[in-house]
Amino acid sequence: MRSQSRASAKSSHRAAPAAAPAPLLRLDDYLPYHLTVTANAVSNLIGAAYRARFGLSVWQWRVLCTLGAEGPKTAQNVVELSAMDKMTVSRAIQGLRRRGLVSRTKSKADARSYLLTLTSHGVSTYNEIVPLALAFQEAVLGDLAPHQRDLLLSALRAVREKAQALAPRD
């Protein structure tokens with residue numbers, strides 16, 4: 001019996017067959033890398049202008065833009081529409097409220113949440129920034145033909161929708 005236990009102990013210590021090497025991941029061929037680097041480059045370019053001219057962070061601009069384009073929303077709506085995390089949205093909202101760009105009122109639909117609305121100062125700031133944002137977009141996309149722009153936006157929407165469809169539900 002003792003010899004059987006030694007034999008089984010020896011067999012359990014044998015080296016496992018070598019695993020196949022993992023495929024090489026080249027960043028230049030990796031979609032998430034390109035999406036992140038591209039988004040950061042464009043956001044940093046435009047964000048520098050928002051900071052210099054309006055004193056807004058990129059996140060504050062995204063909240064301001066969401067409310068300006070979509071109308072009054074709850075913070076949770078802003079999170080969903082802007083793809084930012086809750087804490088980032090919360091901080092951006094606090095900064096916008098301190099500057100008098102956003103106000104909040106109790107939601108009639110849900111007493112636990114607040115409806116965020118641009119103040120008149122927020123609307124005028126939004127209206128000043130929109131042409132600047134569109135000019136930067138034009139500068140970035142200016143070398144693309146109209147059909148290339150359409151294809152780019154269509155492909156990005158398709159990738160986003162597929163990623164959302166594949167994501168696990170809460």
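The values are calculated or read from the model by the stated rules, or taken from the named source; none is laboratory data. It should be emphasised that the depicted structure is a prediction, and the values quoted were computed from it without experimental measurement. Cβ coordinates were reconstructed from backbone atoms using ideal geometry, including for glycine residues, and neighbour counts include every protein chain displayed.
A few points about this structure:
- Only one of 96, 115 that is surrounded by 13 or more Cβ atoms within 10 Å (Cβ to Cβ), assigned to a helix (DSSP H, G or I), of a type outside the set (D, E, K, R) and touching a strand residue (DSSP E or B) at 6+ places or on another chain (Cβ under 8 Å): 96
- Scan of the stretch 125-155 for residues that are in a helix (DSSP H, G or I) and either in contact with a strand residue (DSSP E or B) (Cβ under 9 Å, 6 or more places away or on another chain) or over 25 Å from residue 49 (Cα atoms) (or both), ordered by number: 125, 126, 146, 147, 148, 150, 151, 154, 155
- When the stretch 51-76 is filtered for residues that are surrounded by 19 or more Cβ atoms within 10 Å (Cβ to Cβ) and polar (S, T, N, Q), the ones remaining, listed by number, are 60, 66.
- Pairs, first at positive phi and modelled with pLDDT of 95 or more in the stretch 95-112, second in a helix (DSSP H, G or I) and not hydrophobic (A, V, I, L, M, F, W, C), C-beta under 6 Å, six or more apart: 100/121
- Test: residue in the stretch 52-71 that is among the acidic types (Asp, Glu), assigned to a helix (DSSP H, G or I), at pLDDT below 95 and at negative phi: no
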